[in-house]
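Written out below as structure tokens is the structure these notes cover.
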Amino acid sequence: MPDVVVRKIVTLVEEIHHEFGPVPDQPLRRVATVAVIKNPYAGAYHADIAEFMEDLKPLGLQMAQKGLAALGGDETVVQGYGKGSIVGIDGELEHGALWHVPGGYAMRELLGDAAAIVPSTKKVGGVGARLDVPITHINASYVRSHFDAMEIGLNDGPRADELAFILVMTTGARIHARVGGLAANDVEGKDGLR
């Protein structure tokens, strides 16, 4: 199996203090951790790539820990999450799908039995490409107030032979969420949906 060769890891923290209307009691905090690694499959088709997901699990856990640390280190404050991949142009979309298991596993492991599937997106793009990473509630995908996205990109990556893997965690709902649906405090958390 190929080595995981990391070029850089970046942690971005966003605090939203205002969105028109009244100022909230607490700002919404969102953190994204991005790892740019060498794509061991760039430039050619490889039939067997799935085993690389296992090699990526330690990186996923390291990134999730960095994200949680940026939010203060208390996993109980995390209410939303998501993941994504940007594949450099010498790779294929399926290389980005390698992040599904290690990225989701890492956050669910760290957050202790989070029940909802970790939403995900991916694309092939050049240096500086940006990605809207979807976010949902960690225990119930139907919590409408937590439907969100965080736009992520780096000015110097991914290069053509690289992958940019992304994890996002948030501390709550959109500021002034008010379009109804299942409320976070009514979540049963049994099936990952409600």
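Values in this text are rule-based calculations from the coordinates and carry no lab data. What you are looking at is a predicted structure, and each value in this text was computed from that prediction instead of being measured. Cβ: placed from backbone, ideal geometry, glycine included. Neighbour counts: every protein chain shown.
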Inset, instruction - Any residue in the range 100-129 that's assigned to a strand (DSSP E or B): show its pairings with residues that are among the acidic types (Asp, Glu) at Cβ separation under 8 Å, as long as the two are six or more apart or on different chains. - result: THR121/ASP132; VAL124/GLU92
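Return the only residue of HIS137, HIS146, HIS46 being surrounded by fewer than 16 Cβ atoms within 10 Å (Cβ to Cβ) and either on the phi < 0 side of the Ramachandran plot or in contact with a His (Cβ under 8 Å, 6 or more places away or on another chain) (or both).
Working: HIS137 fails: surrounded by fewer than 16 Cβ atoms within 10 Å (Cβ to Cβ); HIS146 fails: surrounded by fewer than 16 Cβ atoms within 10 Å (Cβ to Cβ).
Criteria check complete, one pass: HIS46.
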Inset, instruction - Could you please let me know if PRO2 is touching a helix residue (DSSP H, G or I) at 6+ places or on another chain (Cβ under 9 Å) and without any contact (Cβ under 8 Å) to a residue 40 or more places away in the chain? - result: no
Legend entry - Given (1) free of Cβ contacts under 8 Å to residues at least 12 places away in the same chain; (2) touching a Phe, Trp or Tyr at 6+ places or on another chain (Cβ under 6 Å), index of the condition MET169 fails: (1)
Inset, instruction - Kindly establish whether GLY91 is more than 16 Å from the chain's Cα centre (by Cα) and small (Gly, Ala, Ser). - result: yes
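Conditions (1) among the β-branched types (Val, Ile, Thr); (2) within 11 Å of the chain's Cα centre (by Cα), marked per residue:
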| residue | (1), (2) |
| --- | --- |
| LEU110 | no, no |
| ASP113 | no, no |
| PRO119 | no, yes |
| HIS137 | no, no |
| ALA140 | no, no |
| VAL143 | yes, no |
| ASP156 | no, no |
| LEU163 | no, no |
Legend entry - Test set (1) under 12 Å from the mean Cα position of the chain (by Cα); (2) surrounded by 18 or more Cβ atoms within 10 Å (Cβ to Cβ) - GLU151 fails condition number: (2)
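How about the range 5-53: which of its residues are of a type in the set (Ser, Thr, Tyr) and more than 20 Å from MET63 (Cα to Cα)? Explain how you work it out, then say what you get.
Keep residues of the range 5-53 that are of a type in the set (Ser, Thr, Tyr), which gives 11, 33, 41, 45.
TYR41, TYR45 - these are the residues of the range 5-53 that are of a type in the set (Ser, Thr, Tyr) and more than 20 Å from MET63 (Cα to Cα).
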